[in-house]
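J.: Could you have a look at this structure, given as structure tokens, before my questions?
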Amino acid sequence: MIIGIDTGGTFTDFFWIDPDSKELLQVLKAPSTPANPSEVIQKEMQRIPHDFSTIVHGTTVATNTVLERNGADVWLLTTKGFEDVIEIGRQNRNDIYDFDVDRPAPLVNRKQRIGVSERLAQGGHTIQELSLSPEIIGKLRQVDPESVAICYLFSFLNPEHEKETRRQLQDAGIDTHYSLSSEILPKYREYERFSTTVVNAYVSPVMDEYLANLQSKIDTDHLRIMQSNGGSMEAETARKNAVQTMLSGPAGGVVAAKTVAEQCSLTNVISFDMGGTSTDVSFLPGQILMTGESTLDDLPVALPMINIHTVGSGGGSIAFKDAAGVLQVGPQSAGAEPGPVCYDRGGVELTVTDANFLAGRIPQSAIFGGTIELNEEKTEHITGKFADSVGASTTQLTESILDLANAKMERAIRVISLEQGYDPGDATLIAFGGAGPLHACDIAESLGITEVLVPLHPGVFSAFGLLWADVVREQTQTMIQRSPDIYRDEVESQFSQIEEATIKDVQAQGIARNEIVCERYVEMRYKGQSYELSIPWQEDIIEAFHRRHEERYTFRHDERAVEIVNLRLRGIGQVNKPELPSKQLHNREVDLGDFPKQVGMIAGEESALPIVPRSELWPGAFGNGP
């Protein structure tokens, strides 16, 4: 027995497959408990009459820890003279015309960044021996830090100084969380490496406490945590490497979209996950696309992760007037507490869910999460007051709120499709999340998409994806080579060493050797470029890079030298996947006149909307909607 549990900002979703049930697919949805995300899990697991050998969990703990700035008290040890790297950052500016840029404060304040006497050369050999002074050790022993990040220059080529520093601190009795840059991200670019390591040091103690508490309250043989790269890992590993869970929940949705796309023989799909707080989108051209360039609250996190673009547009996104009196929607969200007005749980600010409810797109008899009955009278009252304040009718206001939310989500899809060389019109939109299917047709029409797929149980689809997540460990190693002198034997030899270490890591997660497969990638660029493209390692690797560069940027430079910068190996421990139930195909029309109707708004006009139970939409059913 295996169950997927996805904790979101508004609801926590449970998905499992029951071999004793005729329907097999079982779901449960409950309001999240933001103050303690494990509370709802413990409570709802007691309601499920099964014992689960494996729980796969998608969690927002690490993400929220950074966004809310309530992580561990971190001390940073770094090469003397480089104490300010995480604060100086790079000269990049997201908005070059903004004269009042307010950069977020670094996660480690200046007094807690300590320069250590040591130095490695760019080849990895020692220039200056490590000298961890008694003053540094005494200071750390005195403050008893919650977490220590160790980031030395060129440690990705030679990790010994970082490891020796940890050994000396532990021998001195400083028992705490340690994050070493040579273990978290052993690749060049010190700012991104330092930042990723510091983020891990900041969130790992919080994740450690959360998972320890969860493990003590639930009974299971294996608790696995979803990673940002689309794989899972045992909770014990996640407690030390929490930075790898930054996109834990959204990654489950993309894995689910890929699973369904394969079963439906679809090549290009867009994963469109609209939840209560945000919308996550990803383009899948026959495979899950990865990126090593990501930020969280303007902090670089340079680990391999699924290429997901997130915008603050969800069912709980709040509508408000800005300083100029113009209507805006999001990114602020009503969340689970108090939630939208229609939930009748204390919310007084109008949200996208309220607009959908008043537009007749949600049945008046709907019970959200199995417990929340919608309050139409209260919603109409607050909407009317808001409409009066902006000089609009209730209908105009609700339509405007939905249009603004749709525009934000449409732009997000353009970022992961058109801006990366893919035509959204060639893809099927897989719409899920609690609110995704409500907006799918509007989004599809705006982008020229002709096919929308709404999966079974779309509100818990990300939890469904957790059941299909293999155990994955990724290793990256810097190895710079330049054409025409790319030595395949050296690359193959280095890959073999990385593969051996990666396989051991996956085996430590409880996976047998014969269930492990490894994928090899190289990160490449033209000489003189600053950033790389990830290319599967293959025979004609230079031509493969030229082709991918042309797909991504519309041009190629066959005459320019090409560089390999990093090697990346993905070790996949294949887990047993549940078998999905199948149903007979019946191609016959659904007579929409047989179903009850309610008045709703479609394209600015009132229309009688038939309410059709999903059970009546058998495989192959067809009919004309409003």
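J.: Only one of (1) assigned to a loop (DSSP other than H, G, I, E, B); (2) at pLDDT below 90; (3) among the hydrophobic types (A, V, I, L, M, F, W, C) is not met by Ala30, so which one is it?
T.: Looking at each condition in turn, Ala30 falls short on (1).
J.: Could you tell me which of the residues Met233, Met207 is open to solvent by less than 10 Å² (accessible area, probe 1.4 Å) and not in a helix (DSSP H, G or I)? Lay out the reasoning, then the answer.
T.: On the way: Met207 fails: not in a helix (DSSP H, G or I).
Only one candidate passes the filter, namely Met233.
J.: A further question follows. Restricting to the stretch 525-536, give me the number of residues that are within 25 Å of the chain's Cα centre (by Cα), farther than 11 Å from Arg568 by Cα and open to solvent by less than 50 Å² (accessible area, probe 1.4 Å).
T.: Final tally of qualifying residues: 2.
J.: What's the number of the only condition in (1) open to solvent by 30 Å² or more (accessible area, probe 1.4 Å); (2) under 29 Å from Pro331 (Cβ atoms); (3) in contact (Cβ under 8 Å) with a residue 40 or more places away in the chain; (4) of a type outside the set (A, V, I, L, M) that Ser32 fails to meet?
T.: Single failed check for Ser32: (1).
J.: Moving to a separate point now. Given the structure, is Arg141 part of a helix (DSSP H, G or I), touching a Gly at 6+ places or on another chain (Cβ under 8 Å) and of a type outside the set (S, T, N, Q)?
T.: For Arg141, the condition - part of a helix (DSSP H, G or I), touching a Gly at 6+ places or on another chain (Cβ under 8 Å) and of a type outside the set (S, T, N, Q) - is met.
J.: Pick out the one residue from Glu605, Glu563, Glu559, Glu589 that is at pLDDT below 85 and acidic (Asp, Glu). Don't jump to the end; show me each part of the working.
T.: Values: Glu563 fails: at pLDDT below 85; Glu559 fails: at pLDDT below 85; Glu589 fails: at pLDDT below 85.
Just a single option satisfies the conditions, and that option is Glu605.
J.: Can you tell me which condition Val40 does not meet? The list is (1) crowded, with 22+ Cβ neighbours inside 10 Å; (2) of a type in the set (A, V, I, L, M); (3) in a helix (DSSP H, G or I), and all the others hold.
T.: Of everything listed in (1) crowded, with 22+ Cβ neighbours inside 10 Å; (2) of a type in the set (A, V, I, L, M); (3) in a helix (DSSP H, G or I), Val40 misses just condition (1).
J.: What strands (runs of 3 or more DSSP E) completely inside the stretch 49-121 contain at least 3 residues that are among the aliphatic types (A, V, I, L, M)?
T.: Numbers: elements: 54-58, 74-79, 113-120.
Passing ranges, in order: 74-79, 113-120.
J.: Name every residue in the stretch 438-475 that is without any contact (Cβ under 8 Å) to a residue 40 or more places away in the chain, closer than 30 Å to Ile225 by Cα and buried (at least 21 other Cβ atoms within 10 Å of the Cβ), in order of residue number.
T.: The one that is without any contact (Cβ under 8 Å) to a residue 40 or more places away in the chain, closer than 30 Å to Ile225 by Cα and buried (at least 21 other Cβ atoms within 10 Å of the Cβ): Pro458.
J.: I need the full set of residues from the stretch 545-571 which are within 20 Å of Glu474 (Cβ to Cβ) and more than 27 Å from the chain's Cα centre (by Cα), in order please.
T.: Ile564
J.: Cβ-Cβ under 6 Å, sequence separation 6+ or interchain: first residue in the stretch 495-522 and touching a residue at least 12 places away in the same chain (Cβ under 8 Å), partner outside any strand (DSSP E or B). Which pairs?
T.: Note: pairs meeting the criteria are Glu515/Gln574; Ile516/Ile503; Ile516/Val506; Cys518/Glu499; Arg520/Phe495; Arg520/Trp537; Val522/Trp537.
J.: Answer yes or no: is there a residue in the stretch 110-129 that is farther than 25 Å from Leu299 by Cα, out of contact with any helix residue (DSSP H, G or I) (no Cβ under 8 Å at 6 or more places or on another chain) and buried (at least 19 other Cβ atoms within 10 Å of the Cβ).
T.: Checked the stretch 110-129: no residue is farther than 25 Å from Leu299 by Cα, out of contact with any helix residue (DSSP H, G or I) (no Cβ under 8 Å at 6 or more places or on another chain) and buried (at least 19 other Cβ atoms within 10 Å of the Cβ).
J.: Also, quick follow-up: For the stretch 167-176, how many residues meet the condition of being assigned to a helix (DSSP H, G or I) and without any contact (Cβ under 8 Å) to a residue 24 or more places away in the chain? Can you show your working first?
T.: Filtering the stretch 167-176 for residues assigned to a helix (DSSP H, G or I) gives 167-171.
Remaining after also requiring without any contact (Cβ under 8 Å) to a residue 24 or more places away in the chain: 167, 170-171.
So the count comes out to 3.
J.: Then there is this: List the residue pairs whose Cβ atoms are under 9 Å apart, where the first residue sits in the stretch 177-204 and is over 11 Å from Tyr152 (Cα atoms) and assigned to a helix (DSSP H, G or I), the second is of a type in the set (Phe, Trp, Tyr) and open to solvent by 10 Å² or more (accessible area, probe 1.4 Å), and the two are 6 or more positions apart or on different chains.
T.: Correct list of pairs: Ala201/Trp75; Ala201/Tyr178.
J.: Tell me whether the stretch 78-90 contains one or more residues that are at pLDDT below 90 and surrounded by fewer than 18 Cβ atoms within 10 Å (Cβ to Cβ).
T.: yes
J.: A further question on this structure: Only one of Ser248, Ser216 is of a type in the set (Gly, Ala, Ser), under 27 Å from Ala463 (Cα atoms) and free of Cβ contacts under 8 Å to residues at least 12 places away in the same chain; which? Talk me through it step by step, then tell me what you get.
T.: Numbers: Ser248 fails: free of Cβ contacts under 8 Å to residues at least 12 places away in the same chain.
One residue alone meets the criteria, Ser216.
The values are calculated or read from the model by the stated rules, or taken from the named source; none is laboratory data. Not measured: the values here are computed from a predicted model. All Cβ positions, even for glycine, are placed from backbone atoms using ideal geometry, and neighbour counts span all protein chains on display. When the accessible area is computed, the model is the full protein with side chains, heavy atoms only, and any ligands, DNA or RNA have been set aside. Shrake-Rupley method; radii C 1.70, N 1.55, O 1.52, S 1.80 Å.
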